[in-house]
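Below you'll find the structure, written out as structure tokens, and then a few comments.
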Amino acid sequence: MATAGSAKARRSAPTRAVARWWATRPDNAASLSGWALLPLRAFIGGTFLFAGLQKLSNSTFWSAANPAGIKAQLEASARVSPVHAILSHLISLSTPIGVSIAIAEVAVGIGVLVGLWTRLAAVGGALLSLTLFLTVSFHAAPYYTGADIVFFFAWMPFIIAGAGGVLSLDAMLASRMPATPEIGAMDRRKALVGTAALGLVGAGAVVGISRSIGDAKLAGATTVASAPSSTPVTIAPSSGGTNPAGKAIAEASKVPVGGSLAFTDPKSGDPGLIIQHTEGQFVAFNAVCPHAGCTVGYATNAKLIVCPCHGSEYNPETGALVRGPAPHGLSTIPIAESSSGELFVDG
């Protein structure tokens, strides 16, 4: 007579065998990896889609005068990027470059989200992330505060495994097992055209809605925080009166009390920022953010110097770091006012 223990052992042996068979099935392993990658796939695809739509729908991104625009970002990157020799020649093409990046981000985001040509989309996403790392966040300190290098490695699982056969058009098309390669190619082209059309309609709707709401609401914090009070002014040294040592860069009257003025530092060629806190009290700083090279601006309402790219904040009187991710504060530039009312720097 069999004991209860032996009966349990007989029942559990087939169960263990089925479990081992199920775990070792190739298609099941792919399915498990697909489900495991699904949260990352949704996040990274959605992020790239959002980033592309945000650029396309925000006119300040295309403004040459805005310090958070694509032109200003290219100028900032050209100063600090390891590929600055290439970037310096592309500044005049900032708008078509920005459009290309935005469209590529939208295409990559849609491809990954719907699982169509996922590996190809992932390769495109990795190349975009690598390009942004080399041009924008190469000098981010510590390195892990720059998102681009993280995104670059986050694309690797999708380059290797694709969508994993889970909730993807690639898997749906493959399951149809067409009789001829031509039919399969036609199905894939139809899916691609349909997805592209849907993406264009969605992108157009988002752009139209955001434009109707107003770009100021989309980029309000950035424009308020970073826009200088006026354009840079350069003048020749006065012929009369006593001038401090250095080079004249602006008339003191051009800097409003409680406001700021952007200028180009004649010594380094970097953008600079003059602030007049009270009547006759001027301070000047190198306006290059030490985090990733973006140009900072003075937010008069918050009384802070703010980086429009990653949100670093600085004391407007000393340039000291108030809040990161920048590793340290801004460099000060010696400034003095002459008896004729001119501002001299780098004395």
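General remarks:
- Taking a Cβ cut-off of under 14 Å around Pro325, the surrounding Lys, Arg, Asp and Glu residues balance to a net charge of -1, with basic ones at +1 and acidic ones at -1.
- Estimated FRET transfer efficiency (Thr332, Val83; beta-carbon r; R0 25 Å; 0.05): 0.25
- Solvent exposure ordering (accessible area, 1.4 Å, most first) of Glu313, Glu105: Glu313, Glu105
- Charge tally around Ser260: other residues with Cβ under 13 Å, Lys/Arg +1 each, Asp/Glu -1 each, net +1.
- With every protein chain in place and a 1.4 angstrom probe, the accessible-area ranking of Trp117, Trp62, largest first, reads Trp117, Trp62.
- Summing charges over all other residues whose Cβ lies under 15 Å from the Cβ of Phe151, with Lys and Arg as +1 and Asp and Glu as -1, gives -1.
- Probe 1.4 Å - accessible area at Phe282, Å² to nearest ten: 30 Å²
- Ranking of Ser331, Ser81, Ser59 by solvent-accessible surface, largest first: Ser331, Ser59, Ser81 (1.4 Å probe, protein heavy atoms only, all chains present).
- Approximate spin-label separation Met172-Ala302, in nm, with each point projected 7 Å along Cα-to-Cβ: 4.4 nm
The values are calculated or read from the model by the stated rules, or taken from the named source; none is laboratory data. All values derive from a computational prediction rather than experimental measurement. In this analysis, Cβ positions are derived from the backbone assuming ideal geometry, glycine residues included, and neighbour counts consider all displayed protein chains. The accessibility values were calculated without ligands, DNA or RNA, using every heavy atom of the protein model including side chains. Shrake-Rupley method; radii C 1.70, N 1.55, O 1.52, S 1.80 Å.
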